[in-house]
Amino acid sequence: MAKHMEDHPEDHPKEFCGLFGVYGLKNPAATIYRGLFSLQHRGQEGAGIVVGDGTDVRSVRGLGLVSDVLNKQSWPQLTGHLGIGHVRYSTTGSTRIQNVQPIIVECADGVWCVAHNGNLVNAGPLRRMYQDSGAIFQTSTDSEILVHLLADPMYRRRPQRVARALAELKGAYCFLIMTKDCLMAARDPLGFRPLSIGKLGSAWVVASETCALQQTGATYVRDVEPGELVYFDETGMRSVMVGEGPAPKLAQCVFEMVYFARPDSTVFGHGVHAVRVKFGERLAEEFPVEADMVIPIPDSGSAAALGYSRRSGIPLDYGFIRNHYVGRTFIMPLQEDRVEGVDMKLTLLPEVVRGKRVVVVDDSIVRGTTARRRVERLREAGAKEIHMRISCPPIAHPCFYGIDFPTKDELIGGARTVEAIREYLGADSLGYLSLEGMMSPFKDQKGFCSACFTGKYPVDPTGMMGKHELEMTTPELQFLPPTAKVD
Ligand code: SF4
């Protein structure tokens, strides 16, 4: 079994990373802490803050949740007027302290701090090139390659050095980059991941999701555009384009809308909660059924269940209650604990479902093991009929752009037909939202990546390394087989 399968038995794709940056705020550590706290859903393996005062930078980084790593005792040391923070889930590199960001390095022209969300598909070859010429890497993440590009004299001595370095990178990225007196925010030309700019009094704020702006009291200004590099310094805000700027066809991650982003965020110009309600309404049109109640899998299926209920007229009820205090299953050391942990996360209310025909709405199915167990529990509790409705199409292909899905064979949507999945789950019926239905809330339907559903990859991932391959100490890196299609 692959390492990441052992680590992550839960039936959901894993979050990736969250970014939060500030320029022009006196002692910004508490604000960055609040921003990261509201982005905690994007990564729980590690957190870090670095703050600058124009001369020095100071940092706190560690493994664990934001509240474990950053506490009020550290804030007085984090003095300054600009800073960046990062919450991490590892999509490349293992869970170890060296891989926690922001990455901080001292180059020939001073300190550079880098925080990254996404996955770079050409990090392996670039890293090998630098290692062959004697460069030393401190982490096993793809993100560190940007630091080497920035330090490379070929870029260092030229105007628009950061934009030129970024133009070498392929794949998905949002970067926050900080020097001792300047904050920079960049988004890849296809716009895979969200990044928004806000204003907090006279200070500038940048965050992976708008929920973090709201929760720090900042007002949304605009998104960092695909292919844009924005500078914040004492002269204010200015921006340049990276390479040729935005790609003719964007590839914004539609899975942000399905599952990852918080419902109180506005992502790619769309309110996430409202989009999920629309997914549910459309699901009810595509897969109607006679039933007594609609129940969500909380919290991820809640908005779609509301939409399904509204459109079908079937009342919404809560058959499952979520325990928010159960620890993350993947940190439990024993397999038995993990299985129990999954079950403990949701409590079933037998009196609600007994003797009832229920429509169960969830956002997605990855391996199917957790969904199957939930159907079993509903049967044991006496549900008369169980109709599963999923607010996206079957996930059939891995993601190479920053989401930790398992391999195609491990994805139940990649290995089985819908009827075979229904049989495996033990449900009376199963309906997945169509691709067309999932895209229906968006005017520019071509501006999205949907490769995990279609297998059409907007950036060729051929040759991309697996999650742990930068750990290898031998010079020969292992590359994934060239099986991916390019759209
Ligand atoms: S493959 Fe799926 S999860 Fe990955 S970026 Fe594309 S839509 Fe998002």
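The values are calculated or read from the model by the stated rules, or taken from the named source; none is laboratory data. The structure presented is a predicted model; accordingly, all values stated were derived computationally and were not measured. Counting neighbours? That spans all protein chains shown, and the Cβs are built from the backbone with ideal geometry, glycine included. Protein only, heavy atoms only, side chains kept; ligands, DNA and RNA dropped before computing areas. Shrake-Rupley method; radii C 1.70, N 1.55, O 1.52, S 1.80 Å.
Observations
- The chain - charge dipole about Cα centre, Lys and Arg +1 at Cβ, Asp and Glu -1, debye rounded to 20: 620
- The accessible-area ordering, largest first, of the residues Lys199, Lys345 stands as Lys199, Lys345, per a 1.4 angstrom probe.
- For region 307-323, Karplus couplings with θ = phi - 60° (6.51, -1.76, 1.60), whole Hz, Gly/Pro x: x, 4, 5, 4, 6, 8, x, 7, x, 8, 9, 9, x, 10, 10, 8, 8
- All-pairs alpha carbon distance profile, the chain, 20 Å steps from 0, percent: 24, 56, 19, 1
- Pairwise FRET efficiency - Leu435 versus Asp132, Cβ, R0 = 45 Å, nearest 0.05: 0.55
- Percent accessible area from carbon and sulfur atoms, the chain, protein chains only, probe 1.4 Å: 52
- Accessible area (Å², 1.4 Å probe, nearest 10) - Tyr432: 20
- Surface accessible to a 1.4 Å probe, per residue, for the residues of region 170-220, Å²: 24
- Cα gyration tensor category, rounded, prolate or oblate, for region 270-439 with a/c compared to 1.5: rounded
- Residue order for Glu376, Glu436 - accessible surface, 1.4 angstrom probe, largest first: Glu436, Glu376
- Relative contact order for the chain: 15 percent, from Cα pairs under 8 Å spaced at least 6 residues apart, divided by residue count.
- Applying both filters, DSSP loop and at most 10 other Cβ atoms within 10 Å, to the trypsin sites (Lys or Arg not before Pro) of region 88-159 gives Arg157.
- For region 259-313, the per residue solvent-accessible surface stands at 37 Å², with DNA, RNA and ligands left out and a 1.4 Å probe.
- Crossing angle, helix 335-345 versus the chain [Cα axis fit, 0-90 degrees, rounded to tens]: 70
- In the complete set of protein chains, residue-level accessible area for Arg372 is approximately 90 Å², probe 1.4 angstrom.
- Area of Val121 that stays accessible when all protein chains are in place (1.4 Å probe, Å², to 10): 10
- Charge sum, other residues only, whose C-beta stays under 10 Å from Tyr130's C-beta, Lys/Arg counted +1 and Asp/Glu -1: -1
- Ordered from largest to smallest accessible area (heavy atoms of protein chains, 1.4 Å probe), the residues Phe287, Phe268 come out as Phe287, Phe268.
- Prolate/oblate/rounded label for region 111-232 (Cα gyration tensor, a/c 1.5): prolate
- Prolate/oblate/rounded label for region 11-250 (Cα gyration tensor, a/c 1.5): rounded
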